[in-house]
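For reference, the structure discussed in these notes is given below.
Laboratory data are not the source of any read-out in this text; all were calculated from the coordinates shown. Given the structure is predicted, the values throughout are model-derived calculations rather than measurements. Cβ placement follows ideal geometry from the backbone for every residue including glycine, while neighbour counts extend to all protein chains displayed.
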Amino acid sequence: MQAYPQRLRNQVLRAFEQGVHPSEIAGQLKVSRAWIYKVQKRYQDTGVRGIRKIGGYRRSKLAQSESKIRAWIRSEPNWTLAQIQKLLTLEGISVKTGALWHQLDKWGMTLQKNAVRRRARAQRYAVRQAGTSQDKCGK
């Protein structure tokens, strides 16, 4: 959903300054009364007539800790996301595992896979390869 244009906001505020009732403004400009009240309140509270930013402006909680997290992973590359999450909690940063993974991925950092899974996967492939030593065509 896109924000209403600045021209429309200016018209609403001008009409308010002239003493026009919000219902009349809404009827003339084909907008809701609730939106008109929001525009007026924001202007009264902050003095800002412009459009607010829409999305994409929040910084990650982890942005300040990038160098610290990189050092942790360099010192112990076998840590899991849950272990790094606990370290961050001790530092006073509460973050979910998904958000931590997303931020590490954004920084281009990867973690080692679980050693248990690697062994299981390697055995499974080894058994499969040993059982199918013949060519797939049966020759």
### Listed residue (13, 31, 43) projecting farthest to the positive dipole end of the range 6-46, Cβ model
31
## Note on the structure
Here the net charge surrounding residue 62, from other residues whose Cβ is less than 10 Å away from its Cβ (Lys, Arg +1; Asp, Glu -1), is +3
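Which of 93, 69 has the fewest other C-beta atoms within 10 Å, and how do the rest follow up to the most?
Values: 93 16, 69 20.
Least crowded to most crowded, the residues run 93, 69.
Most exposed first by the Cβ proxy, i.e. fewest other Cβ within 10 Å, how do 46, 97 rank? Intermediate results must be reported in sequence, preceding the final value.
On the way: 46 9, 97 12.
The most exposed by this proxy come first: 46, 97.
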#### Entry: For the range 6-46, alpha-carbon Rg and Dmax in angstrom
9.1, 26
### Message
Using each residue's phi in the range 46-51, evaluate 6.51 cos²θ - 1.76 cosθ + 1.60 at θ = phi - 60° and report the 3J(HN,Hα) Karplus result to the nearest Hz, with x for Gly and Pro.
### Response
10, x, 8, 9, x, 7
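Taking other Cβ within 10 Å of each residue's Cβ, how do 23, 65 sort, fewest first?
Exposure proxy ranking, most exposed first: 23, 65.
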### Task
Could you give log10 I(q)/I(0) at q = 0.25 Å⁻¹ for the range 40-113, computed by the Debye formula over C-alpha point scatterers of equal weight, without solvent?
-1.21
